[in-house]
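The values are calculated or read from the model by the stated rules, or taken from the named source; none is laboratory data. The structure presented is a predicted model; accordingly, all values stated were derived computationally and were not measured. Note that each Cβ is placed from the backbone with ideal geometry, even for glycine, and that neighbours are counted across all protein chains shown.
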Amino acid sequence: MGDDHHHGHDHDHAGHGHSHDHGGPLGPATELATALASGVALGIGYGVETLTAAAGWVPLTFYAAAFLLGGFFTVREAVENLRRRRFEIDTLMLVAAAGAASLGAWAEGALLLFLFALGHALEHHAMGRARRAIEALAVLAPRTALRRTPDGAVEVAVEDLAISDVVIVKPGARLPADGFVVAGQSGVDQAPVTGESIPVDKSPVPDPAQARAAPDRVEADHRVFAGTINGDGLLEVEVTHLSGDSTLARVVRLVAEAETAKSPTQRFTDRFQRIFVPLVLGLAFLLLFGWVVVDEPFRDSFYRAMAVLVAASPCALAIATPSAILSGVARAARGGVLVKGGAPLEQLGAVTAIAFDKTGTLTEGRPRLTDILPAPGVTEAELLSIAVAVEGLSDHPLARAVTRDGRERLSGFAVPAASDLSSLTGRGLSATVTGEKVLIGKADLFGRDGVAPLSEPVLVAAAGLRTAGRTTMLVRRGDRDLGVLGLMDRPRAEAAASLARLRALGVSRLVMLSGDAGPVATAIGREVGVDEAWGDLMPADKVDAIGRLADAGVVAMVGDGVNDAPALARAHVGIAMGAAGSDVALETADVALMADNLSHLPFAVGLSRQTRSIIRQNMVVSLGVVALLVPATILGLGIGPAVLLHEGSTLVVVFNALRLLAWKEH
């Protein structure tokens, strides 16, 4: 967020996104001070006119001052709109005020401009509060850092940090950059970025060189983010992202962009206004000729036309949705949920079904190697060493589990080098080890497409593991089956409770999508409490499954944002979990849960439902006031009361939307 946001505000009544800088000598308070000065001038003028016998030019001078002060910012906006060939609300108000003055009704014209200016100033002040909630994120990262050098620690500007620099973070200090811990242990409060309420324990990476080569694959226990707060321990952190590319900086940037992304309701109100404003002008023009039909002076017809112009201006309607979206996006960001604009925020509140990828979403994504069953004539060490060699080249969670747990079991046994890794989409891997081709994957990788079928003992062993709910990996080297590995991924501790909360919020269908065999998927699904568990799905099958769910209603897909990108894109709302530090998840998902914690999903859905409710309330208020005021002004309601009710409805709408900033999940 740029500094210019502190000196002005965006005023986007018609949703066109243009910015009106309402700064001045008093900064953002200038507009409010000018509006209040207009009110003072109006009050003095009215007092002089009614309570004294002063000459007529004296109150007129004060009314003129009220006109100039009240109309100052309104004229600026109207001129800019007309320059862009747009005839909008600001222009309608100026026409009505000028019409009142031409009739000699200076007091009423001044009242109109004063209340319009005051209403806008208060509205902008209130909207500024929502923006400041977003801007507060931007100032979380410290401006300086302690960089470790051969001569000791040197304080430098955060912008001067380079990738691979090591920074020293003292107890209680904010972290200056994204990176991984190379020395020290401490609990880190990650709430500013991920929304997690409990500090997360951090420890040094076991292999700095490996972490440096693939920083996105560093485990959460070792990874830290700019803007988070160190606990009681001293940490040394190696920087992995420049200050402008940190997770926090990207979140602030994406939230700022989300302000301009229009929701379906906002697009409707924009279309409505494009039709409605010309109709208002047409009605006011017809009312100018009321004296022809009704026996009244032209002055009365003109006054009525100006009153209708004020009453029918859709100010509250124009601000009803943007104010709610801005507040909702800001509240979500503060809770560790990044929502990219109005459309996903509205749609998330309308979901009837949520599909979950299994691995890493409903489960911990940290499967354990539980079973090692070598084929007859094969040793456990041979089976494991070949599997570890090949899987060490892959970054799939199952591959990482085989590599991690397999190395522990081998303890000192040499692992051969593997090369030429090739992924066989959704079925397994192939690679070369000591000149021989190695295949590792599911049972359906074998016995098709020219690949020889599995031997009977290995088939029987794999079937037994699958029945027990294990994920199986079958290993073949050359033309020899080496055996089968069994892995088990545990459900997340918070999964069952989170799904129950989603069901209580009104999400009627919870589906788990998994590439695992049917029995494995069913076992996990039963444990976490989904309605349906669909197994044996290839990546393309997941996209088709989302399509089938989407035909029945609004569907959201929850995944890790990397392997699930096509399915996330196919869903009405794509939700990435554990997005902090993941470039792909932040860029591809509509909604990103920054923490790797499923309990943030009910918070996001609940907030979205509340946002939809407030948008509906705002639409009822804004359209209801126009529907009441237009006939009332035609029947004789004056400009003064019309302005009070009109501007009052605008403020009601904005302050109703601001309630979202304080929303808490029940």
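Observations, loosely collected:
- Inter-residue pairs, beta-carbon under 7 Å, first in a strand (DSSP E or B) and in segment 409-430, second surrounded by 12 or more Cβ atoms within 10 Å (Cβ to Cβ) and of a type in the set (D, E, K, R), 6+ apart: Gly428/Lys442; Ser430/Lys437
- Segment 527-553, residues that are closer than 21 Å to His396 by Cα and assigned to a strand (DSSP E or B): Trp534
- Figure legend. Inter-residue proximity from segment 101-113: first residues touching a residue at least 40 places away in the same chain (Cβ under 8 Å), second residues part of a helix (DSSP H, G or I) and among the polar types (S, T, N, Q), beta-carbon distance below 9 Å, spacing 6+ or different chains. Indicated pairs: Gly109/Ser102; Ala110/Ser38; Leu113/Ser38; Leu113/Thr74.
Here is a yes/no grid of residues against (1) surrounded by 15 or more Cβ atoms within 10 Å (Cβ to Cβ); (2) over 30 Å from Leu658 (Cα atoms):
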| position | (1), (2) |
| --- | --- |
| Ala141 | yes, no |
| Gly184 | yes, yes |
| Asp201 | no, yes |
| Ala220 | yes, yes |
| Val224 | yes, yes |
| Leu248 | yes, no |
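Yes or no, residue by residue, for (1) of a type in the set (Phe, Trp, Tyr); (2) assigned to a loop (DSSP other than H, G, I, E, B); (3) crowded, with 18+ Cβ neighbours inside 10 Å:
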{"residue": "Ala29", "(1), (2), (3)": "no, no, no"}
{"residue": "Thr34", "(1), (2), (3)": "no, no, yes"}
{"residue": "Val40", "(1), (2), (3)": "no, no, no"}
{"residue": "Gly43", "(1), (2), (3)": "no, no, no"}
{"residue": "Tyr46", "(1), (2), (3)": "yes, no, yes"}
{"residue": "Ala55", "(1), (2), (3)": "no, yes, no"}
{"residue": "Thr61", "(1), (2), (3)": "no, no, no"}
{"residue": "Ala78", "(1), (2), (3)": "no, no, yes"}
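- For segment 203-212, the criterion of being touching an Asp or Glu at 6+ places or on another chain (Cβ under 9 Å) and modelled with pLDDT under 90 is met by no residue.
- Residues in segment 254-277 that are modelled with pLDDT under 80 and either in a helix (DSSP H, G or I) or at positive phi (or both): Leu254, Val255, Ala256, Glu257, Ala258, Gln273, Arg274, Val277.
- Residue, nearest to Glu219 (Cα to Cα), within segment 174-202, restricted to residues that are of a type in the set (Val, Ile, Thr) and out of contact with any Phe, Trp or Tyr (no Cβ under 7 Å at 6 or more places or on another chain): Val181
- Each residue in segment 554-592 was checked for being part of a strand (DSSP E or B) and either modelled with pLDDT under 85 or of a type in the set (Gly, Ala, Ser) (or both), and 5 of them qualify.
- Complete set of residues in segment 473-520 that are part of a loop (DSSP other than H, G, I, E, B), free of Cβ contacts under 8 Å to residues at least 40 places away in the same chain and under 21 Å from Thr432 (Cβ atoms): Asp479
- Being charged (D, E, K, R) and surrounded by 13 or more Cβ atoms within 10 Å (Cβ to Cβ) is a property that does not hold for Arg271.
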